[in-house]
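Notes to accompany the following structure.
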Amino acid sequence: MSQKPDLKVDIAGLELQNPVLTASGTFGYAREYEQLVDLNRLGGIIVKGLSLQPAKGNPPPRIYETPCGMLNAIGLENVGIEAFVAEKLPFLQTLKPPIIVNIYGKREEDYVQLAARIEEVGAIAAIEVNISCPNVKAGGMAFGVDPQAAFSVIRAVRKQTTKLLIVKLSPNVTDITAIARAVEEAGADGLSLINTLTAMAIDSNTRRPRLANITGGLSGPAIKPIALRMVWQVAQATAVPIIGIGGIMSAEDALEFFIAGATAIQVGTANFVNPQATTDIIDGIEKFLIEKNIAKITDVIGTLET
Ligand SMILES: Cc1cc2nc3c(=O)[nH]c(=O)nc-3n(C[C@H](O)[C@H](O)[C@H](O)COP(=O)(O)O)c2cc1C
């Protein structure tokens, strides 16, 4: 094939130059990676989860490496929405890729206020709503594990924003398609999945947990088969575009997600192992398409043969 393959994808009207985005919480506010990665090559940049107020997160230790993955209990440390807009966004808006802001809250009203504030900020292309957080009003059960709570919070956010609304699903459920359908009905334009799996590790000598928070979220290659299964299931159950996440370390991993039905993917833990994982994956996808004589990445999406 003489021409370069077309890597462009469309997420409910948001055109990305390629389908590779950074996963929230693993790429800071992007400037941290400025010296290491050509940020303008990314398909999109998703920043660390933001809350209304700045948050310190959990006490250390907050990270523990496990076989084929890592546990984290950062506790959503972030600068807060106002400092983000004032201090982080001016740099981000000089970049070519669209900026997607990940948000979280402990009450439905927190999400509503965040969405209303973001609606006023032109430089933000889309909102990714993390519904894995404990809903303090509902006794601490995460919004994302109950279809009704998930529907309610996303419907409330939808009323506040005309921007592209992506909902990030938690894998800590029995049937992820029930949550996916609920948030689609509530007005989500797209779904990203998966967030981390609740897990733990223990030091047998001290009999103490490895993380101060006791439990944490498992990410990395260990979770990829679960993420892939969930993306495939959600692709059957909904009509909105899916962004696949979970243990994607290489272009081959990314291609599995496209074949399962994802329109785009996010790279998380891999950034800690290889800061250039994102651009390596973009190069690898292009190489695959050339080798297979496929003109565009969209020809690969949802092509699983069973
Ligand atoms: C250190 C760390 C911090 C994270 N912070 C957030 C966050 O703020 N918001 C969010 O929605 N997901 C967060 N995540 C989850 C990732 O975005 C991603 O969904 C998950 O790690 C699975 O992808 P991976 O296996 O490629 O890392 C975090 C993950 C890690 C490892």
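Can you name every residue in the range 126-163 that is away from the ligand (no atom under 15 Å from the Cβ), part of a loop (DSSP other than H, G, I, E, B) and at pLDDT below 95? Don't jump to the end; show me each part of the working.
Restricting attention to the range 126-163, the residues satisfying the condition of being away from the ligand (no atom under 15 Å from the Cβ) are 135-141, 146-149, 151-152, 155-156, 158-163.
When the remaining residues are screened for being part of a loop (DSSP other than H, G, I, E, B), the result is 135, 139-141, 146, 161-163.
Passing the criteria: N135, G139, G140, M141.
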Exercise for the section: Could you run through the range 64-85 and say how many residues are in contact (Cβ under 8 Å) with a residue 24 or more places away in the chain and in a strand (DSSP E or B)? Expected result: 7
Handout entry: The lone exception for G43 - which of (1) within 20 Å of I223 (Cβ to Cβ); (2) in contact with a strand residue (DSSP E or B) (Cβ under 6 Å, 6 or more places away or on another chain); (3) in contact (Cβ under 8 Å) with a residue 60 or more places away in the chain; (4) not charged (D, E, K, R) it fails
Key = (1)
Exercise for the section: Determine whether N195 is part of a loop (DSSP other than H, G, I, E, B), under 18 Å from the mean Cα position of the chain (by Cα) and within 21 Å of G75 (Cβ to Cβ). Expected result: yes
Problem - Test: L193 is buried (at least 17 other Cβ atoms within 10 Å of the Cβ), within 16 Å of I63 (Cβ to Cβ), at pLDDT 95 or above and within 15 Å of the ligand (Cβ to nearest atom) - result: no
Handout entry: Pairs with Cβ under 9 Å, 6+ apart, first in the range 1-22 and free of Cβ contacts under 8 Å to residues at least 12 places away in the same chain, second of a type in the set (A, V, I, L, M, F, W, C)
Key = E15/V9
Completion exercise
In the range 87-117, residues that are under 23 Å from N40 (Cβ atoms) and hydrophobic (A, V, I, L, M, F, W, C) total 7
Exercise for the section: Output yes when any residue across the range 86-94 is part of a helix (DSSP H, G or I), out of contact with any Asp or Glu (no Cβ under 8 Å at 6 or more places or on another chain) and within 27 Å of G217 (Cα to Cα), and no when none is. Expected result: yes
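Which of the residues that make up the range 198-227 are part of a strand (DSSP E or B), surrounded by fewer than 18 Cβ atoms within 10 Å (Cβ to Cβ) and touching a residue at least 12 places away in the same chain (Cβ under 8 Å)? Don't jump to the end; show me each part of the working.
Residues of the range 198-227 part of a strand (DSSP E or B): 198-200, 202-203, 208-209, 215-219.
Then keep just the ones that are surrounded by fewer than 18 Cβ atoms within 10 Å (Cβ to Cβ); that gives 198, 200, 202-203, 208, 215.
T198, M200, T215 - these are the residues of the range 198-227 that are part of a strand (DSSP E or B), surrounded by fewer than 18 Cβ atoms within 10 Å (Cβ to Cβ) and touching a residue at least 12 places away in the same chain (Cβ under 8 Å).
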Handout entry: Considering residues of the range 228-284 that are assigned to a loop (DSSP other than H, G, I, E, B), surrounded by 24 or more Cβ atoms within 10 Å (Cβ to Cβ) and of a type in the set (A, V, I, L, M) only, the residue nearest to the ligand (Cβ to nearest atom)
Key = I248
Problem - Close pairs from the range 234-258: first aromatic (F, W, Y), partner at pLDDT 95 or above and within 10 Å of the ligand (Cβ to nearest atom), Cβ under 6 Å, at least 6 apart - result: F257/G244; F257/I265
Practice task
With respect to A123, determine if the residue is assigned to a helix (DSSP H, G or I) and either touching a helix residue (DSSP H, G or I) at 6+ places or on another chain (Cβ under 8 Å) or not basic (K, R) (or both).
Solution key: no
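Quick test for you: out of A86, A150, A142, pick the one residue that is among the small types (G, A, S), within 20 Å of the chain's Cα centre (by Cα) and under 22 Å from G57 (Cβ atoms).
One residue alone meets the criteria, A142.
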Problem - Hits in the range 58-77 - residues which are on the phi < 0 side of the Ramachandran plot, surrounded by fewer than 17 Cβ atoms within 10 Å (Cβ to Cβ) and near the ligand (Cβ under 10 Å from one of its atoms) - result: I63, E77
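The values are calculated or read from the model by the stated rules, or taken from the named source; none is laboratory data. A quick note: this is a predicted structure, and the numbers were derived from the prediction, not measured. Please note: Cβ atoms are built from the backbone with ideal geometry, for glycine as well, and neighbour counts cover all protein chains shown.
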